[in-house]
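**Student:** One structure coming up, written as structure tokens, with questions to follow.
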Amino acid sequence: MYVDRTRLSTLHATELERFRAARPGSATLWEVAREVMPEGVPMLWMAKWPGPWPVFVDAAKGAHFTCVDGIDHVDLCLGDTGAMVGHAPEASVRAISERLARGATFMLPTEDAAAAAELLAGRFGLERWQFTLSATDANRHVLRYARMVTGRPKVVVIDFSYHGTVDEAYATLDPEGRVVARRGNMGPPVDPAVTTLVVPFNDIPAMEAALATGDVAAVLIEPAMTNIGIVLPDDGWHEAVAKAVHAAGAYLVIDETHTLCAGPGGMTARDGLRPDAVVVGKTIAGGIPAGAWGMTTAFADRVRAALDPDGEGLEDIDVGGVGGTLAGNAVSMAGIRATLAEVLTPEVYPGMIARATEWTAGVQAAIDELQVPWQVTQLGCRAEYSFRPTPPHDGREAADADDFELQQYLHLHALNRGILITPFHNMALMSPATTSEDVARHTEAFREAVASLFG
Ligand code: PMP
């Protein structure tokens, strides 16, 4: 293997020492937290960061946060897209605070809801919107709608995709091509093979074969894979998928939760895609919980007809598996309206994308200089490097390039120099507030880390 494991573990040990010495405040909070929460974190995956204990945050603004030890960080993780708009953007904070002070949740709509829906409709070209607290819920709900109106049992997902904690999507292909639970799938309610067909990204014949079963209610895809490194679609893949899905009478659901990095209307608007439904979430309300899905009028009309076949009203909509008491609450709606109208505007995208281009060039320069067999891929204001020489073509190729030890070292090295990289993979995200100096801090540290391994 080209990575000297002894050297890697020595370097890692040095970085662990550096972390321990610099972060006593986080250590103290973690000790207390461990008494009341497994691993000392409010959600277990927060234990997957590099370092012996998690960094506890004090405050954040724009592209920076300060931890409880007073260290300034350039945040390239941005809450794994939840804070893609930057931390605490003024217009969102103002609208959210004002709404909160006038009441948060009523089980009744506020004026902001239609304004938020209109903003989303304008961006994605889909006419009818519903709101949730998370992208996960939006995915779950739109899949239920698709199964209801088609009367078909199955969902197609892409191998190694991620759509939140959606049971149907926690499936993968085993070496024999069978659908199995994905590694790490905790207590699946049923064998995923019952609910799900899995096809590799960029594989048109596999998609057509899945649809030919006649069992498919919906095909749920990210327009580019972003959760196993970045995997871009081949030319023509989207058009072929849309054609095949529609010919099969199924619904095409495009999850733009992450790919909103590509433009104000995600890849759907940028590339003229043809979904029946679009899912968004994470950053759309400036960092507070909010998700949404949009539907074509035709899809929404079929849902309406299925819910109310006799025209007697929507008697069962509160117990149908689509909902959430706080979904569509007034604060989320105010947050979406202000964030889309005043923060994540079309005007901020060129700057965000330019920062990602700089970041990509910085990473590429180190790869070239030190002749490391890695590659870096950019998608709008998001970019990611992977430990393979050429861009991956599907999720399996991307997954095979994983190197957890190497990744933990690189992330810890960055963290020790005040740079936060998204855990689980090697991704960086640029907010409207991210500057060229912020990017340069990463470029310098990354070169140093790569040189420590290969110089
Ligand atoms: N869709 C995609 C593409 C995602 O990457 C994620 C989360 N990483 C989700 C949906 C789910 O978002 P949430 O966890 O906020 O519900």
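**Student:** All but one of (1) in a loop (DSSP other than H, G, I, E, B); (2) surrounded by fewer than 24 Cβ atoms within 10 Å (Cβ to Cβ); (3) in contact with an Asp or Glu (Cβ under 6 Å, 6 or more places away or on another chain) hold for VAL180; state the number of the condition that does not hold.
**Tutor:** The number of the failed condition is (1).
**Student:** I've got another one for you. Could you count how many residues in region 147-171 are within 16 Å of the ligand (Cβ to nearest atom), hydroxyl-bearing (Ser, Thr, Tyr) and in contact with a strand residue (DSSP E or B) (Cβ under 7 Å, 6 or more places away or on another chain)? Explain how you work it out, then say what you get.
**Tutor:** First, pick out the residues of region 147-171 that are within 16 Å of the ligand (Cβ to nearest atom): 155-171.
Narrowing further to those that are hydroxyl-bearing (Ser, Thr, Tyr): 161-162, 165, 170.
Adding the requirement that they be in contact with a strand residue (DSSP E or B) (Cβ under 7 Å, 6 or more places away or on another chain) leaves 161, 170.
Residues meeting the conditions: 2.
**Student:** Also, quick follow-up: From (1) buried (at least 23 other Cβ atoms within 10 Å of the Cβ); (2) within 28 Å of THR66 (Cα to Cα), pick out the condition that doesn't hold for ALA398.
**Tutor:** (2)
**Student:** Only one residue in ASP255, ASP316 is closer than 29 Å to THR105 by Cβ and more than 16 Å from the ligand (Cβ to nearest atom), so which one is that?
**Tutor:** Exactly one of ASP255, ASP316 is closer than 29 Å to THR105 by Cβ and more than 16 Å from the ligand (Cβ to nearest atom), namely ASP316.
Condition check ((1) free of Cβ contacts under 8 Å to residues at least 60 places away in the same chain; (2) more than 16 Å from the ligand (Cβ to nearest atom); (3) on the phi > 0 side of the Ramachandran plot) across all residues:
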{"residue": "THR81", "(1), (2), (3)": "no, no, yes"}
{"residue": "ALA104", "(1), (2), (3)": "no, yes, no"}
{"residue": "ALA113", "(1), (2), (3)": "no, yes, no"}
{"residue": "THR136", "(1), (2), (3)": "no, no, no"}
{"residue": "HIS141", "(1), (2), (3)": "no, no, no"}
{"residue": "TYR145", "(1), (2), (3)": "no, yes, no"}
{"residue": "ASP174", "(1), (2), (3)": "yes, yes, no"}
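**Student:** Looking only at region 79-108, count every residue that is closer than 15 Å to ALA290 by Cα and either at pLDDT below 95 or open to solvent by 40 Å² or more (accessible area, probe 1.4 Å) (or both) and tell me the total.
**Tutor:** Of the residues in region 79-108, 4 are closer than 15 Å to ALA290 by Cα and either at pLDDT below 95 or open to solvent by 40 Å² or more (accessible area, probe 1.4 Å) (or both).
**Student:** Taking the criterion of being more than 18 Å from VAL279 (Cα to Cα) and open to solvent by less than 30 Å² (accessible area, probe 1.4 Å), would at least one residue in region 132-146 satisfy it?
**Tutor:** No: region 132-146 contains no residue that is more than 18 Å from VAL279 (Cα to Cα) and open to solvent by less than 30 Å² (accessible area, probe 1.4 Å).
**Student:** Taking only pairs six or more apart or across chains, which ones have beta-carbon atoms under 6 Å, a first residue in region 407-419 that is in the same structural domain as ASP69 (by TED's automatic domain parsing), and a second residue that is crowded, with 21+ Cβ neighbours inside 10 Å and assigned to a strand (DSSP E or B)?
**Tutor:** If the second residue must be crowded, with 21+ Cβ neighbours inside 10 Å and assigned to a strand (DSSP E or B), the pairs left are GLY418/HIS73; ILE419/VAL74.
**Student:** Now for a separate question. Could you list, in sequence order, the residues of region 315-357 that are at pLDDT 95 or above, open to solvent by 70 Å² or more (accessible area, probe 1.4 Å) and outside any helix (DSSP H, G or I)?
**Tutor:** Across region 315-357, the qualifying residues are THR325, LEU326.
A quick yes/no check of all residues on (1) assigned by TED's automatic domain parsing to the domain that holds ILE230; (2) over 24 Å from GLU208 (Cβ atoms); (3) open to solvent by 40 Å² or more (accessible area, probe 1.4 Å); (4) in contact with a helix residue (DSSP H, G or I) (Cβ under 9 Å, 6 or more places away or on another chain):
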site: ALA121; (1), (2), (3), (4): yes, yes, no, no
site: ARG128; (1), (2), (3), (4): yes, yes, yes, yes
site: MET148; (1), (2), (3), (4): yes, yes, yes, yes
site: PHE160; (1), (2), (3), (4): yes, no, no, yes
site: GLY187; (1), (2), (3), (4): yes, yes, yes, no
site: VAL194; (1), (2), (3), (4): yes, no, yes, no
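**Student:** Please go through region 71-105 and give me each residue that is outside any helix (DSSP H, G or I) and out of contact with any strand residue (DSSP E or B) (no Cβ under 8 Å at 6 or more places or on another chain), ordered by number.
**Tutor:** Within region 71-105, ILE71, GLY82, ARG102, GLY103, ALA104, THR105 meet the criteria.
The values are calculated or read from the model by the stated rules, or taken from the named source; none is laboratory data. Quick caveat: nothing in here was measured; it's all calculated off a predicted structure. Glycine also receives a Cβ, built like all others from the backbone with ideal geometry; neighbour counts cover every protein chain displayed. Accessible surface areas use protein heavy atoms only, side chains included; no ligands, DNA or RNA. Shrake-Rupley method; radii C 1.70, N 1.55, O 1.52, S 1.80 Å.
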